[in-house]
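The values are calculated or read from the model by the stated rules, or taken from the named source; none is laboratory data. Only a predicted model underlies this, so the values are computations on that prediction, with no experimental measurement involved. When we count neighbours, we look across all protein chains shown, and the Cβ atoms used for this are built from the backbone with ideal geometry, even at glycine.
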């Protein structure tokens, strides 16, 4: 019985037969927050007039990406007040908006100030990343250039959950609007596909908890090692005493 229980808990979506699962889960729009780095491009029928708006105010290097490569990116830093410094226009409020909302705001400002005619604005995250910690084969911070990643993809990029990790109690920590939301997910159940946490947002943290087997083995090791070292020390003292007497 114990063996069967372990096998069941170690399997993703156990007892799920072949099926077509209809879900309403959509890729969530991430809310822009202070310290985010945004890539903003502007184009129009007048390339010369548009060029001035494509000068970023920050250059930085990402440590890693989903492809395992180091990325060099340039963009606009959202300051601690939630603003970006945009060429000619100056301060533009960005925090609390989605990329689509910020894009529309910049387009309107360019038109209202008669700076460009029919501008095309694109806004992307340059620091869209998620962090995977706990009982995975290699914990890491993953940069996602496509701005779309599911919980299963993130775990796969971290080398999957180890045999000591709990698949029935994976924690996702999400910070938005100045507060942290914590959600525990059961990867043994196909209900995961309907969860709003199936797709991750930028800056989400995934934590895989250790199971009782890992905790118990660690506890036993902590108990046995001091006894073992004490025994070895005693043997060394006895051997030294015998050597001196001879």
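Could you tell me whether any residue of the range 156-163 is farther than 21 Å from residue 36 by Cα, free of Cβ contacts under 8 Å to residues at least 12 places away in the same chain and not in a strand (DSSP E or B)? Yes: one or more hits.
Exactly one residue out of 127, 104, 137 is on the phi < 0 side of the Ramachandran plot and at pLDDT below 95, and it is 127. Per the listing 142, 182, the residue uniquely under 11 Å from the mean Cα position of the chain (by Cα) and assigned to a strand (DSSP E or B) is 142. What about residue 90, is it under 17 Å from the mean Cα position of the chain (by Cα), at positive phi, exposed (fewer than 14 other Cβ atoms within 10 Å of the Cβ) and at pLDDT below 95? When the stated conditions are applied, residue 90 does not pass them.
Looking at the structure I just gave you, is residue 140 more than 22 Å from residue 29 (Cα to Cα) and in the same structural domain as residue 14 (by TED's automatic domain parsing)? Steps first, please.
Numbers: more than 22 Å from residue 29 (Cα to Cα): yes; in the same structural domain as residue 14 (by TED's automatic domain parsing): yes.
Here the answer is yes, as residue 140 does meet what is asked.
Against the definition (surrounded by 15 or more Cβ atoms within 10 Å (Cβ to Cβ), assigned to a loop (DSSP other than H, G, I, E, B) and at pLDDT below 90), how does residue 28 come out, yes or no? Give the steps one after another, and end with the answer.
Values: surrounded by 15 or more Cβ atoms within 10 Å (Cβ to Cβ): yes; assigned to a loop (DSSP other than H, G, I, E, B): yes; at pLDDT below 90: yes.
Yes: the conditions hold for residue 28.
Pairs are defined by a Cβ separation below 6 Å, a sequence spacing of at least 6 or placement on different chains, a first member in the range 199-225 that is in the same structural domain as residue 156 (by TED's automatic domain parsing) and closer than 21 Å to residue 132 by Cα, and a second member that is surrounded by fewer than 16 Cβ atoms within 10 Å (Cβ to Cβ) and at pLDDT below 70; no pair meets this definition.
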